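Worksheet: one structure, shown below.
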Amino acid sequence: MAHVLVVEDDPTMAEMLTYNLRRQGFEVESVPDGTAGLRRARSPEVSLLVLDLMLPGMDGLEVTREIRRKRPELPILMLTAKGEEKVKLQGFASGIDDFLAKPFSMDELIARVRALLRRSRVEVLRNGAPDELVFGDLRMVNRDYRCWVAQEEVILRPREFTLLATLAAEPGRLFTRADIAERVWGYGEMPDTRTIDTHVKNLRKKVESVSSYSYIETVRGIGYRFRVRPKLEK
């Protein structure tokens, strides 16, 4: 069960956030200021941080900069009443993963929290995997975003590599197109179905066309899964 830390000085907002997140099955705790939020966010038991921008003591940007020194992997969702581009740019530079402008619906909050948690789990799998992953005649070096097929290097764009690594991280699992969009592109971009299918087509052309195996299986009308299947000899 994911442990969500809410840092919000408005008691009514903090109560609403805590209540709705708990209804979705999350463990939730709430603190009212930036200093307390920073202290608790350093704990490894915290899975995700919901952080208000305007806080007493330390504001959200200061808290983020300090957290990133100890926990660069922690997903952070910032709540702000300000919609200026400058604020978002400062936030992303500080290490914020996503923004949610007030007022917002609780359904959107939950959707963004879930998306950030999914993406963080993929990164843990990718970063925690061995440097070299081998499937059939495919070899991937996750750290360097490089791959080889039958000992010949295949040049993949970063997003193509991330798509392949996302599928390969959980062989046999069915990923819907929505799953792929959230994990590879992120909640804020959400490409259409044609964009995802085009990336899969490009991967097959670059990887499978020179391989003795098929790796990406289409599940019609739903999405894709990673399966290692030898090609039948003609």
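The values are calculated or read from the model by the stated rules, or taken from the named source; none is laboratory data. Everything numeric here is computed off the predicted structure, so don't read it as measured data. Counting neighbours? That spans all protein chains shown, and the Cβs are built from the backbone with ideal geometry, glycine included.
Does the stretch 59-72 contain at least one residue that is outside any helix (DSSP H, G or I), closer than 25 Å to Arg114 by Cβ and touching a residue at least 12 places away in the same chain (Cβ under 8 Å)? Steps first, answer last, please.
Just the residues of the stretch 59-72 that are outside any helix (DSSP H, G or I), to begin with: 59, 71-72.
Then drop every residue that is not closer than 25 Å to Arg114 by Cβ, which leaves 71-72.
Next, only the ones that are touching a residue at least 12 places away in the same chain (Cβ under 8 Å) stay: 71-72.
The answer is yes, given that some residue of the stretch 59-72 is outside any helix (DSSP H, G or I), closer than 25 Å to Arg114 by Cβ and touching a residue at least 12 places away in the same chain (Cβ under 8 Å).
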- Among the numbered conditions (1) at pLDDT 95 or above; (2) surrounded by 16 or more Cβ atoms within 10 Å (Cβ to Cβ); (3) closer than 18 Å to Phe104 by Cβ, tell me where Met78 comes up short. (1)
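If you take the residues in the stretch 84-120 that are more than 19 Å from Ala14 (Cα to Cα) and of a type in the set (Ser, Thr, Tyr), which one is modelled with the highest pLDDT? Let's see the steps before the verdict.
From the stretch 84-120, those more than 19 Å from Ala14 (Cα to Cα) are 84-97, 115-120; that's our starting set.
Then keep just the ones that are of a type in the set (Ser, Thr, Tyr); that gives 94, 120.
On the way: Ser94: 85, Ser120: 70.
That would be Ser94.
One line per residue, one yes/no per condition, for (1) without any contact (Cβ under 8 Å) to a residue 12 or more places away in the chain; (2) among the small types (Gly, Ala, Ser); (3) not in a loop (DSSP other than H, G, I, E, B):
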residue	(1), (2), (3)
Thr198	yes, no, yes
Lys201	yes, no, yes
Ser209	yes, yes, yes
Ile216	no, no, yes
Gly221	yes, yes, no
Phe226	no, no, yes
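Kindly check whether there is at least one residue in the stretch 57-69 that is among the hydroxyl-bearing types (Ser, Thr, Tyr), more than 18 Å from Asp107 (Cα to Cα) and surrounded by 17 or more Cβ atoms within 10 Å (Cβ to Cβ). Reasoning before the result, please.
Of the stretch 57-69, the ones among the hydroxyl-bearing types (Ser, Thr, Tyr) are 64.
So of that shortlist, the ones also more than 18 Å from Asp107 (Cα to Cα) come out as 64.
Those still in the list that are surrounded by 17 or more Cβ atoms within 10 Å (Cβ to Cβ) too: 64.
Looking for residues that are among the hydroxyl-bearing types (Ser, Thr, Tyr), more than 18 Å from Asp107 (Cα to Cα) and surrounded by 17 or more Cβ atoms within 10 Å (Cβ to Cβ), one finds at least one in the stretch 57-69, hence yes.
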- Task: Answer with yes or no whether Met16 is modelled with pLDDT of 90 or more, surrounded by fewer than 18 Cβ atoms within 10 Å (Cβ to Cβ), over 21 Å from Arg183 (Cα atoms) and not acidic (Asp, Glu).
- Result: yes
- Query: Here are Pro44, Pro56: which of them is out of contact with any Pro (no Cβ under 8 Å at 6 or more places or on another chain), at negative phi and not in a helix (DSSP H, G or I)?
  - Reply: Pro44
- Item | Odd one out for Ser30 among (1) surrounded by fewer than 19 Cβ atoms within 10 Å (Cβ to Cβ); (2) assigned to a strand (DSSP E or B); (3) over 21 Å from the mean Cα position of the chain (by Cα) | (1)
- Those residues of the stretch 131-155 that are touching a Ser or Thr at 6+ places or on another chain (Cβ under 9 Å) and in a loop (DSSP other than H, G, I, E, B) come to a total of 4
- Query: In the list Glu66, Glu45, Glu29, which residue meets the criterion of being in the same structural domain as Met13 (by TED's automatic domain parsing), acidic (Asp, Glu) and modelled with pLDDT under 90?
  - Reply: Glu45
- Query: Could you list, in sequence order, the residues of the stretch 132-174 that are without any contact (Cβ under 8 Å) to a residue 24 or more places away in the chain, within 20 Å of the chain's Cα centre (by Cα) and farther than 16 Å from Tyr215 by Cβ?
  - Reply: Val141, Arg143, Asp144, Tyr145, Arg157, Pro158
- Query: Name the residues in the stretch 198-234 that are of a type in the set (A, V, I, L, M), closer than 19 Å to Trp185 by Cβ and buried (at least 16 other Cβ atoms within 10 Å of the Cβ), would you?
  - Reply: Val200, Leu203, Ile216
